[in-house]
Amino acid sequence: TSYSGCRTATDFIIQPGPTVTQPDDYTSSACNFTNQAELEIEFANWLAEFSVSGGDDPQGSFTGTPAPPQLCNGGTVSVTFNYTDFCASGSVTRTFTINPPPALSILHPNDAEYTACDFANQAAVDAAFATWLAGFSVTGGCNPQATFGGSTPVAPALCGGSVTVTYNVTDLCETGSESATFTINDASNVVLSSPGNVTYSTCDFQNQSEVNAAFNNWLTGFTTSGGCSTASYGNPTAPLLCSGGTTEVTYLYSDICTTTSESASFTLTAPSSLVLEK
């Protein structure tokens, strides 16, 4: 078939629709940042990954003004990116999540109370104090730093004293402190009692056994209260019935903190020499 006349040709260009570039959903821990400013920089860089190209003069914008979560609270922000050009429009949404730090927990030992009697020496006190001090600890948080308030804690003296220890903790999002007390009660409040000095005549007794019984009963008047150990007077003996005399008893108490004594005497007066008259 043939045609006569003029012919014209026209090219039609079909523009492709716009192409949207978007980041993946973002999840991180607050512990990966040193402060809120650093988190905001990370969020801004993530937002910059949203873009639109191609199409016919495409335009892109966010719904609202996206802002990152607060570092210490954590949370999820949904970001919607809207795009439009001559022929098409639409939106994409992605999320930015920050997991908050684990809760900070400061642990501390209970108050401890001892007496000097509970320890053999200062080294034993120091060891017990070190074990007690190890009861301070911290868990959770990001990288908590702990210090004892003031100077390095030192155990109280064996013979009495008290130390209050404060444990201070700082972390990315939390701070706190706990205190406890380690006490050694003074054991030097020992009290010795004595029966006092006594004097008898040999005529008060019928035989040496009675003297010995009276002497032993008198010895029971030496007593001790308080302290860590018992006192001793050794092995004193009563005076002889017919000879008379004085037995002085020293009741001695000694422990690692205290040394003290009480003394008293038991006197037996011999009779005057017997004189026979004719």
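Only residues that are closer than 18 Å to Asn45 by Cβ and open to solvent by 40 Å² or more (accessible area, probe 1.4 Å) were counted in region 58-73, giving 4. Scanning region 73-102 for residues that are in contact (Cβ under 8 Å) with a residue 60 or more places away in the chain, under 21 Å from Cys142 (Cβ atoms) and either among the aliphatic types (A, V, I, L, M) or out of contact with any strand residue (DSSP E or B) (no Cβ under 7 Å at 6 or more places or on another chain) (or both) returns Ile98, Pro100, Pro101. Looking across region 111-128 at every residue that is among the charged types (D, E, K, R) and not in a loop (DSSP other than H, G, I, E, B), the one that is nearest to Val163 (Cα to Cα) is identified as Glu113.
Across region 111-125, the number of residues qualifying as surrounded by fewer than 14 Cβ atoms within 10 Å (Cβ to Cβ) and in contact with a helix residue (DSSP H, G or I) (Cβ under 9 Å, 6 or more places away or on another chain) comes to 1.
With respect to the stated conditions, Ser243 is over 29 Å from Thr115 (Cα atoms), in contact with a helix residue (DSSP H, G or I) (Cβ under 9 Å, 6 or more places away or on another chain) and at pLDDT below 95. Out of curiosity, is Thr115 modelled with pLDDT of 95 or more and either among the β-branched types (Val, Ile, Thr) or under 16 Å from Gln22 (Cα atoms) (or both)? No, not satisfied. Residues of region 85-107 include none that is among the acidic types (Asp, Glu) and exposed (fewer than 15 other Cβ atoms within 10 Å of the Cβ).
You will find that of Thr152, Thr164, Thr147, Thr131, the residue that is polar (S, T, N, Q), part of a helix (DSSP H, G or I) and open to solvent by 60 Å² or more (accessible area, probe 1.4 Å) is Thr131 and no other. Scanning region 38-52 for residues that are without any contact (Cβ under 8 Å) to a residue 24 or more places away in the chain and outside any helix (DSSP H, G or I) yields a total of 1. Does Thr220 count as within 55 Å of the chain's Cα centre (by Cα) and under 27 Å from Phe119 (Cβ atoms)? Answer is no for this residue. Checking the stated criteria, Gly226 turns out not to satisfy the condition of being of a type outside the set (Lys, Arg), modelled with pLDDT under 95 and in contact with a helix residue (DSSP H, G or I) (Cβ under 9 Å, 6 or more places away or on another chain). Per the conditions (1) open to solvent by 70 Å² or more (accessible area, probe 1.4 Å); (2) within 30 Å of Ala124 (Cα to Cα), the sole criterion not satisfied by Asp255 is (1).
The values are calculated or read from the model by the stated rules, or taken from the named source; none is laboratory data. These figures come from a predicted structure and were not determined experimentally. Glycine gets a Cβ as well: all are built from the backbone with ideal geometry, and neighbour counts include every protein chain shown. The area values use the complete protein model at the heavy-atom level, side chains included, leaving out ligands, DNA and RNA. Shrake-Rupley method; radii C 1.70, N 1.55, O 1.52, S 1.80 Å.
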